[in-house]
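Reading through the structure tokens given below for one structure.
The values are calculated or read from the model by the stated rules, or taken from the named source; none is laboratory data. Nothing here was measured: the structure is a model prediction, and the numbers come from that model. Note that each Cβ is placed from the backbone with ideal geometry, even for glycine, and that neighbours are counted across all protein chains shown.
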Amino acid sequence: MTAPPAAPARDGRAAWGAAIQDDLLASLGVPAASAGGPSRERHDRTRLESKRQRLLQLAVQAREFAKEPSVPDVMRSAWQFWPRFAIYNGLLIVSQRPSATHVESPETWRTRYGMVPLPHEQPLLLLHQGGPLGFVFDASQVEPGPEPGTHRYEAEQPFARPAFADAPQVVATLVEAVKARGVRVVQHGLGVVRGGHVMATSSGAVQEVTTGRRPPVVEQVPVSFDVSLNSRLPPTEQLATLVHELGHLYCGHLGPDPALERTGQGLWLEREGLEHAQREAEADFVAETVMGFIDPEAALPIRSDDGAPPLGRESAVAAALAVELVLDGVTDALVRSG
């Protein structure tokens, strides 16, 4: 990675950007003259508390925009851009482009990597020390340009796996099937290193679900969980990602089946408070077991080199039950595809 372009002197700021920048910096409790600089000014207790509270407010808002599970999660996402960008700029990046992983100025993308912005992509806004507003693009927003750069840029493909021909049909069937369980599946541009995520929601939204065939009965089912899939992924990778996220849900990582509270009967219990590595190990087990059942060629070995603990008895039982719940939703599609 290259360092961002040096910020111009304060006196050289564009007039249209100066007022906006000062307002944004003031909202963070950060002096405009020292924002992002290496020196740290000392402040009294009141000023320090104001700065902390405003940074917390920005982090909370960034968490909402980025759909991260918690404020610590969004702060970790923002810190990936340090030391090139101060923490508030990291939060601004995450707020505008939750999937961002590698940001550069348009000039750096062009000269260093030979990349240019994709049509209709909007740049991300940053604040520079004593300078005008800065603009950057993420790696997911650029494509090869007419001239080569001084360095070769190779995008990561962390979710690649052998293609399964019927993946689009199975994905569509599974998306419809989980609606009855309060799950809504949507697609977003999540960059190159995020496949998807699942979150509980209390938005009050509903989905129409057909619960009968002869005659068809349409019901309004409340949305309790949102699954986001990376729209940049091929169908097979989307299917594996969807199953992985459903694995988190059915293993109880987000709490119990909401139907338990409404009717006293449900499909899964809560298992919150588990370590991150254990949650991922269980979801990986669900994903690769289901993918192996659907098409052995599309399944990948379950990861064992990332520090994930082996599945204990409780984890194995929870994951097995989750596999059953996922397969309930894809059986019809598999039967139709032969």
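Considering only the stretch 271-293, how many residues are part of a loop (DSSP other than H, G, I, E, B) and in contact with a helix residue (DSSP H, G or I) (Cβ under 9 Å, 6 or more places away or on another chain)?
2
Does Ala139 count as over 24 Å from Gly252 (Cα atoms) and touching a residue at least 40 places away in the same chain (Cβ under 8 Å)?
yes
Please work out if Ala200 is exposed (fewer than 15 other Cβ atoms within 10 Å of the Cβ), closer than 30 Å to Val103 by Cβ and either more than 16 Å from the chain's Cα centre (by Cα) or not basic (Lys, Arg) (or both).
When the stated conditions are applied, Ala200 passes them.
Tell me, which residue of the stretch 199-256 that is touching a Phe, Trp or Tyr at 6+ places or on another chain (Cβ under 7 Å) and in a loop (DSSP other than H, G, I, E, B) is farthest from Arg279 (Cα to Cα)?
Step by step, filter the stretch 199-256, then rank; the result is Leu233.
Does Ala180 satisfy being surrounded by fewer than 21 Cβ atoms within 10 Å (Cβ to Cβ), within 29 Å of Glu154 (Cα to Cα) and small (Gly, Ala, Ser)?
Spelling it out, it is not the case that Ala180 is surrounded by fewer than 21 Cβ atoms within 10 Å (Cβ to Cβ), within 29 Å of Glu154 (Cα to Cα) and small (Gly, Ala, Ser).
Between Ala62, Ala100, which is part of a loop (DSSP other than H, G, I, E, B), of a type in the set (A, V, I, L, M, F, W, C) and under 13 Å from the mean Cα position of the chain (by Cα)?
Step by step, each of Ala62, Ala100 is checked, and only Ala100 is part of a loop (DSSP other than H, G, I, E, B), of a type in the set (A, V, I, L, M, F, W, C) and under 13 Å from the mean Cα position of the chain (by Cα).
Against the condition surrounded by fewer than 19 Cβ atoms within 10 Å (Cβ to Cβ) and basic (Lys, Arg), how does Arg214 come out, does it pass?
yes
Every residue in the stretch 287-314 that is at pLDDT below 90 and among the small types (Gly, Ala, Ser), please.
Across the stretch 287-314, the qualifying residues are Ala298, Ala299, Ser304, Gly307, Ala308, Gly312.
Among the small types (Gly, Ala, Ser), surrounded by fewer than 20 Cβ atoms within 10 Å (Cβ to Cβ) and under 13 Å from Val136 (Cβ atoms) - does that describe any residue in the stretch 100-117?
Within the stretch 100-117, one or more residues are among the small types (Gly, Ala, Ser), surrounded by fewer than 20 Cβ atoms within 10 Å (Cβ to Cβ) and under 13 Å from Val136 (Cβ atoms).
Does the stretch 145-155 contain at least one residue that is in contact (Cβ under 8 Å) with a residue 40 or more places away in the chain, surrounded by fewer than 22 Cβ atoms within 10 Å (Cβ to Cβ) and of a type in the set (S, T, N, Q)?
For the stretch 145-155, residues in contact (Cβ under 8 Å) with a residue 40 or more places away in the chain, surrounded by fewer than 22 Cβ atoms within 10 Å (Cβ to Cβ) and of a type in the set (S, T, N, Q): absent.
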